[in-house]
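Worksheet for the structure shown next.
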Amino acid sequence: MIPVCEPLIGDKEWEYVKDCLETNWISSKGKYIEEFERKFAHYCGCKYGISTTSGTTALHLAIATAGIGTGDEVVVPAFTMASTVFAIVYAGAKPVLVDSERETWNIDVSKIEEKLTPRTKAILPVHIYGHPCDMKPILDIAKKHRLSIIEDAAEAHGAEYEGRKVGGLGDIGCFSFYANKIITTGEGGMMLTNRPEIAEKASSLKDLAYFKERRFLHTDLGFNYRMTNIQAAIGLAQFERIEELVERRRANANLYNSLLKDVPGIRLPVEKPRARNVYWMYAVLIEEKFGISRDELMRRLAEKGIETRTFFIPMHQQPALINMGLFRGENYPVAEEISRQGLYLPSGSGLSAAQIEHICQQIKKIRRKGIRE
Ligand SMILES: *Cc1c(COP(=O)(O)O)cnc(C)c1O
């Protein structure tokens, strides 16, 4: 079986984890936490990194730190992973959805302003599958209406917009280090910012908000979102070769593109002029003229030992959210269409050229056979 995505664990990860165990620094204090936070934040052009237990908790911490709560609205794309929107709901705020762009599958910037109300507090763009959002107009809208920008960069470690790393372009950036992300800590996440007051508040909230002058006195409702030193040890080892891991994903995508570009009915991922796409997942759309449906293609690839995944299901189609009275009667046609047509092929940094060639050959074969049938 060729899996959709597997982490690449090397000798350094073993060495650093062993060091944690040998020195007894296994909980949420220790040198790897500090070093991983500092180095990853600097890589993204940020002064402060606040590690967390997951990408989801990094998003929740970001929203809480920004002071967003009951009665507030946050603008997000309809097409994203559930964590983005769940985090807003955890904070008691209301997610307000915007449709996607056809080419990059990111939030359609031209449809943001019509969704703003006096209760809007923030825009939460998501860099879908590793392609950066068009940040310049988003930042302009935020400035004009005095809104915060919280980036969900969980899928976009190393991606760039106009030469600057994503996650460091707004007020707060959030990352995930889940096992299939570009670098991993097993489970884990990080919130980034350049603003000292935000960093200080987030550091406090993630650690139960102990009152400084009197431990066990709490003036805020904090969380335990602390990453362990063991996770950070894996993260630091991964970080030390982040550029190699990103370049492998970009090389994989280039090879896929060159092998699939002439296949009718497959829409390939793009890389816009001012963007560096890191292709977290190598994602394509299967259009009608491909001849067989996306689901049939996935089924036949699975028979050949090739694992794939469908795209996200848009947020206005999620029972958990609809049952809360959200998004009733709303439609997001682009999000719905890409969700029906999209799949990702094996995308891990450890994939070989021979595996990619094999996958593309199988796709072409399945298509020819499917059309004859
Ligand atoms: C993976 C992901 C998250 C959540 O990260 P976890 O570490 O799994 O909690 C959030 N947003 C997006 C867009 C993601 O892809």
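Condition check: more than 15 Å from the ligand (Cβ to nearest atom) and in a loop (DSSP other than H, G, I, E, B). Does C46 satisfy that? Against the criterion (more than 15 Å from the ligand (Cβ to nearest atom) and in a loop (DSSP other than H, G, I, E, B)), C46 qualifies.
The criterion of being within 13 Å of the ligand (Cβ to nearest atom), among the β-branched types (V, I, T), under 25 Å from E200 (Cα atoms) and touching a residue at least 12 places away in the same chain (Cβ under 8 Å) does not hold for V76.
Looking across the stretch 69-90, the residues that are surrounded by fewer than 22 Cβ atoms within 10 Å (Cβ to Cβ) and among the aliphatic types (A, V, I, L, M) come down to M81, A82, V89.
Residue by residue, here is whether (1) more than 16 Å from the ligand (Cβ to nearest atom); (2) surrounded by 22 or more Cβ atoms within 10 Å (Cβ to Cβ); (3) touching a residue at least 12 places away in the same chain (Cβ under 8 Å) holds:
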position: L139; (1), (2), (3): yes, no, yes
position: K144; (1), (2), (3): yes, no, no
position: E151; (1), (2), (3): no, yes, yes
position: A156; (1), (2), (3): no, yes, yes
position: V166; (1), (2), (3): no, yes, yes
position: G170; (1), (2), (3): no, yes, yes
position: G173; (1), (2), (3): no, yes, yes
position: F177; (1), (2), (3): no, yes, yes
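Scan the stretch 179-197 and tell me whether some residue there is within 16 Å of I68 (Cα to Cα), in the same structural domain as N224 (by TED's automatic domain parsing) and either out of contact with any Ser or Thr (no Cβ under 7 Å at 6 or more places or on another chain) or small (G, A, S) (or both). There is at least one residue in the stretch 179-197 that is within 16 Å of I68 (Cα to Cα), in the same structural domain as N224 (by TED's automatic domain parsing) and either out of contact with any Ser or Thr (no Cβ under 7 Å at 6 or more places or on another chain) or small (G, A, S) (or both).
Given the options R267, R299, name the one that is without any contact (Cβ under 8 Å) to a residue 12 or more places away in the chain, among the basic types (K, R) and out of contact with any His (no Cβ under 6 Å at 6 or more places or on another chain). From the options R267, R299, the qualifying one is R299. Of the candidates L97, L59, the single residue that is within 15 Å of the ligand (Cβ to nearest atom) and under 18 Å from E187 (Cα atoms) is L59.
When R299 is tested against the conditions (1) touching a helix residue (DSSP H, G or I) at 6+ places or on another chain (Cβ under 8 Å); (2) surrounded by fewer than 16 Cβ atoms within 10 Å (Cβ to Cβ); (3) among the basic types (K, R), the lone failure is (1). Between G173, G168, G130, which is more than 29 Å from N331 (Cα to Cα) and among the small types (G, A, S)? Every option except G168 fails the conditions. Filtered by the rule that a residue be surrounded by fewer than 22 Cβ atoms within 10 Å (Cβ to Cβ) and within 16 Å of the ligand (Cβ to nearest atom), the stretch 185-202 gives G186, E187. Tell me yes or no: at least one residue of the stretch 80-87 is out of contact with any Cys (no Cβ under 9 Å at 6 or more places or on another chain) and in a strand (DSSP E or B). No, the conditions are met nowhere in the stretch 80-87.
Being under 25 Å from A156 (Cβ atoms), out of contact with any helix residue (DSSP H, G or I) (no Cβ under 9 Å at 6 or more places or on another chain) and surrounded by fewer than 17 Cβ atoms within 10 Å (Cβ to Cβ) is the filter here; which residues of the stretch 102-120 pass it?
E103, K115
Taking A302, is it among the hydrophobic types (A, V, I, L, M, F, W, C) and in the same structural domain as G158 (by TED's automatic domain parsing)? No; evaluated as a whole, the condition is false for this residue. Among the residues in the stretch 61-68, are any assigned to a helix (DSSP H, G or I), within 25 Å of Y332 (Cβ to Cβ), within 18 Å of the chain's Cα centre (by Cα) and not aromatic (F, W, Y)? Within the stretch 61-68, one or more residues are assigned to a helix (DSSP H, G or I), within 25 Å of Y332 (Cβ to Cβ), within 18 Å of the chain's Cα centre (by Cα) and not aromatic (F, W, Y). Looking across the stretch 106-157, the residues that are part of a loop (DSSP other than H, G, I, E, B) and aliphatic (A, V, I, L, M) come down to I112, L116, L124, L147, A153, A154, A156.
The values are calculated or read from the model by the stated rules, or taken from the named source; none is laboratory data. Just so we're clear, the structure is a prediction, and the values are computed from it rather than from any experiment. Neighbour counts run over all protein chains shown; Cβ positions are idealised from the backbone, glycine included.
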